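Below is one structure, written out as structure tokens; comments come after it.
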Amino acid sequence: MKRQSLVAMTLGAVVLAAGTSGSTAADNPKLPRSMVWSSYELGGSGYAEASGMANALQTKYGTRVRIIPSGTSIGRLLPITLGKVSYGFLANEVYFATEALFDFAVQEWGPQDLRIVLARPASNGMACAGDAGITDVKSLKGKRIGFVKANPSVNVKTDGVLAFGGLTRADVWQLYRP
């Protein structure tokens with residue numbers, strides 16, 4: 001499913017970049033010669049999506065895109081706030097930064113004046129080993145759960161999954177305590 005979604009997003013980017021057969025202003029956009037984007041870390045689906053779109057832009061318009069990967073929300077947003085990148089492939093951290101929530105609830109970080117150019121639907125979940133004895137969310141009680149430092153987007157989703165099973169962080173063994 002994840003692979004099909006990735007292929008669909010990449011194909012969508014290629015189609016988007018290729019334009020339509022009619023002659024419109026969108027057929028000859030004035031794109032910069034090069035751009036720099038921030039995205040998720042190497043190997044992540046966000047990085048693969050950004051790479052697919054960058055490849056389509058280079059193929060169709062000759063625009064080169066350099067992608068700066070980061071595994072944290074702060075790492076993806078910092079280059080934007082410093083003016084080092086043009087765009088960022090982001091998740092919930094956009095909302096958190098614009099509303100000054102979680103890691104962005106300090107004067108230096110929020111609220112940020114950010115704009116969303118393109119959004120896509122996404123799903124999330126928690127992967128478990130087949131022999132871990134986890135059959136539903138409630139069976140996560142007492143298990144090790146990962147929380148990611150400086151990535152409230154992931155942590156808030158994990159909290160939501162736990163809440164669905166009537167659990168809190170106090171019910172699981174946390175690999176990281178934010």
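Observations on the model:
- All positions within the stretch 88-102 that are surrounded by fewer than 18 Cβ atoms within 10 Å (Cβ to Cβ) and either charged (D, E, K, R) or closer than 15 Å to GLU41 by Cα (or both): GLU99
- Scan of the stretch 144-178 for residues that are basic (Lys, Arg) and at pLDDT below 85, ordered by number: LYS149, ARG177
- Residue within the stretch 120-141 that is farther than 19 Å from VAL161 by Cα, in contact with a helix residue (DSSP H, G or I) (Cβ under 9 Å, 6 or more places away or on another chain), surrounded by fewer than 17 Cβ atoms within 10 Å (Cβ to Cβ) and outside the structural domain of PRO29 (by TED's automatic domain parsing) present: yes
- The stretch 142-163: number of residues that are among the hydrophobic types (A, V, I, L, M, F, W, C), surrounded by 13 or more Cβ atoms within 10 Å (Cβ to Cβ) and either assigned by TED's automatic domain parsing to the domain that holds GLY44 or not in a loop (DSSP other than H, G, I, E, B) (or both): 5
- Check on GLY166, loosely packed, with under 11 Cβ neighbours inside 10 Å, in a helix (DSSP H, G or I) and either outside the structural domain of TRP37 (by TED's automatic domain parsing) or hydroxyl-bearing (Ser, Thr, Tyr) (or both): no
- From the options ALA91, ALA129, residue that is more than 30 Å from ILE67 (Cβ to Cβ) and among the hydrophobic types (A, V, I, L, M, F, W, C): ALA129
- Annotation note: Cβ proximity below 9 Å between a residue of the stretch 90-114 that is without any contact (Cβ under 8 Å) to a residue 12 or more places away in the chain and a residue that is surrounded by fewer than 21 Cβ atoms within 10 Å (Cβ to Cβ) and charged (D, E, K, R) (sequence gap 6+ or interchain) occurs for ALA105/GLU99.
- In the stretch 139-169, the residues that are within 12 Å of ASP103 (Cβ to Cβ) and of a type in the set (S, T, N, Q): ASN151, SER153, ASN155
- The stretch 45-67: number of residues that are exposed (fewer than 15 other Cβ atoms within 10 Å of the Cβ) and either under 21 Å from GLY83 (Cβ atoms) or not β-branched (Val, Ile, Thr) (or both): 4
- Taking the stretch 128-139 as the range and being assigned to a loop (DSSP other than H, G, I, E, B) and either of a type in the set (Ser, Thr, Tyr) or modelled with pLDDT under 85 (or both) as the test, only THR135 passes.
- Within the stretch 50-64, the set of residues being within 18 Å of LEU118 (Cα to Cα) and out of contact with any Ser or Thr (no Cβ under 7 Å at 6 or more places or on another chain) comprises SER51, MET53, ALA54, ASN55, ALA56.
The values are calculated or read from the model by the stated rules, or taken from the named source; none is laboratory data. Since the structure is predicted, the reported quantities are computational estimates derived from the model, not experimental observations. Virtual Cβ from ideal backbone geometry, glycine too; neighbours counted across all protein chains shown.
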